[in-house]
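What follows is one structure encoded as C-alpha coordinates, with my remarks underneath.
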Amino acid sequence: MARSDLVFRAMDQVSDRYQLCQLVTKATRRLHKPNTRVQETISNVLTFIHATNPEAKAASAASVTILAGKTRDLSGVRQAA
(Lines give C-alpha, C1' and ligand atoms only; values in the text may rest on other atoms or scores of the structure.)
Protein backbone atom coordinates (compact mmCIF):
# COMPACT_ATOMS: atom_id res chain seq x y z
CA MET A 1 0.00 0.00 0.00
CA ALA A 2 1.29 3.47 -0.82
CA ARG A 3 2.58 5.65 2.01
CA SER A 4 0.06 8.40 1.23
CA ASP A 5 -2.80 5.91 1.66
CA LEU A 6 -1.40 4.88 5.04
CA VAL A 7 -1.16 8.53 6.11
CA PHE A 8 -4.75 9.26 5.10
CA ARG A 9 -5.97 6.16 6.95
CA ALA A 10 -4.04 7.18 10.07
CA MET A 11 -5.66 10.63 9.83
CA ASP A 12 -8.96 8.90 10.70
CA GLN A 13 -7.57 8.35 14.20
CA VAL A 14 -5.45 11.49 14.65
CA SER A 15 -7.02 14.51 13.00
CA ASP A 16 -4.20 16.97 13.73
CA ARG A 17 -1.37 16.59 11.19
CA TYR A 18 1.26 17.94 13.57
CA GLN A 19 0.21 15.49 16.29
CA LEU A 20 0.28 12.63 13.77
CA CYS A 21 3.83 13.56 12.73
CA GLN A 22 4.96 13.69 16.34
CA LEU A 23 3.29 10.37 17.11
CA VAL A 24 4.82 8.63 14.08
CA THR A 25 8.25 10.05 14.89
CA LYS A 26 8.21 8.87 18.51
CA ALA A 27 6.79 5.44 17.70
CA THR A 28 9.27 4.93 14.85
CA ARG A 29 12.19 5.69 17.16
CA ARG A 30 10.92 3.18 19.71
CA LEU A 31 9.92 0.42 17.30
CA HIS A 32 12.74 0.52 14.77
CA LYS A 33 14.81 -2.64 14.67
CA PRO A 34 18.42 -2.72 13.49
CA ASN A 35 19.03 -4.10 10.01
CA THR A 36 15.54 -3.11 8.80
CA ARG A 37 14.51 -0.21 6.63
CA VAL A 38 13.16 2.84 8.46
CA GLN A 39 10.51 3.15 5.74
CA GLU A 40 9.08 -0.24 6.72
CA THR A 41 8.97 0.77 10.38
CA ILE A 42 7.11 3.98 9.51
CA SER A 43 4.60 2.02 7.44
CA ASN A 44 4.06 -0.39 10.33
CA VAL A 45 3.50 2.53 12.72
CA LEU A 46 0.97 4.15 10.38
CA THR A 47 -0.86 0.83 10.03
CA PHE A 48 -0.89 0.42 13.81
CA ILE A 49 -2.28 3.93 14.32
CA HIS A 50 -5.04 3.27 11.79
CA ALA A 51 -5.97 -0.01 13.50
CA THR A 52 -6.01 1.50 17.01
CA ASN A 53 -9.26 2.47 18.69
CA PRO A 54 -9.22 6.29 19.10
CA GLU A 55 -10.61 6.08 22.64
CA ALA A 56 -7.92 3.62 23.72
CA LYS A 57 -5.71 4.94 26.49
CA ALA A 58 -1.95 4.68 26.36
CA ALA A 59 -2.08 2.07 29.13
CA SER A 60 -4.29 -0.26 27.10
CA ALA A 61 -1.99 0.13 24.09
CA ALA A 62 1.15 -0.32 26.21
CA SER A 63 2.48 -3.09 24.03
CA VAL A 64 1.97 -4.13 20.46
CA THR A 65 2.94 -7.28 18.70
CA ILE A 66 4.94 -6.46 15.61
CA LEU A 67 4.83 -8.62 12.50
CA ALA A 68 8.08 -10.30 13.51
CA GLY A 69 6.44 -11.51 16.73
CA LYS A 70 8.42 -9.23 19.00
CA THR A 71 6.65 -7.12 21.59
CA ARG A 72 7.76 -3.55 22.10
CA ASP A 73 6.71 -1.08 24.79
CA LEU A 74 4.57 1.80 23.49
CA SER A 75 3.70 3.44 26.80
CA GLY A 76 4.02 7.17 26.53
CA VAL A 77 4.05 7.17 22.74
CA ARG A 78 0.43 8.02 22.13
CA GLN A 79 -1.01 11.02 23.91
CA ALA A 80 -4.54 10.67 25.27
CA ALA A 81 -7.08 12.60 23.21
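The values are calculated or read from the model by the stated rules, or taken from the named source; none is laboratory data. Because the structure is predicted, anything quoted here is derived from the model rather than measured. Positions of Cβ are generated from backbone atoms using ideal geometry, with glycine treated the same way; all protein chains shown enter the neighbour counts.
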List the number of the failed condition for T65; all other conditions in (1) modelled with pLDDT under 90; (2) touching an Asp or Glu at 6+ places or on another chain (Cβ under 9 Å) hold.
(2)
Of all residues making up the range 22-50, the number that are crowded, with 16+ Cβ neighbours inside 10 Å and assigned to a loop (DSSP other than H, G, I, E, B):
1
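Here's the yes/no breakdown for (1) surrounded by 11 or more Cβ atoms within 10 Å (Cβ to Cβ); (2) at pLDDT below 90; (3) assigned to a loop (DSSP other than H, G, I, E, B):
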residue: L6; (1), (2), (3): yes, no, no
residue: D12; (1), (2), (3): no, yes, yes
residue: L20; (1), (2), (3): yes, no, no
residue: K57; (1), (2), (3): yes, yes, yes
residue: Q79; (1), (2), (3): yes, yes, yes
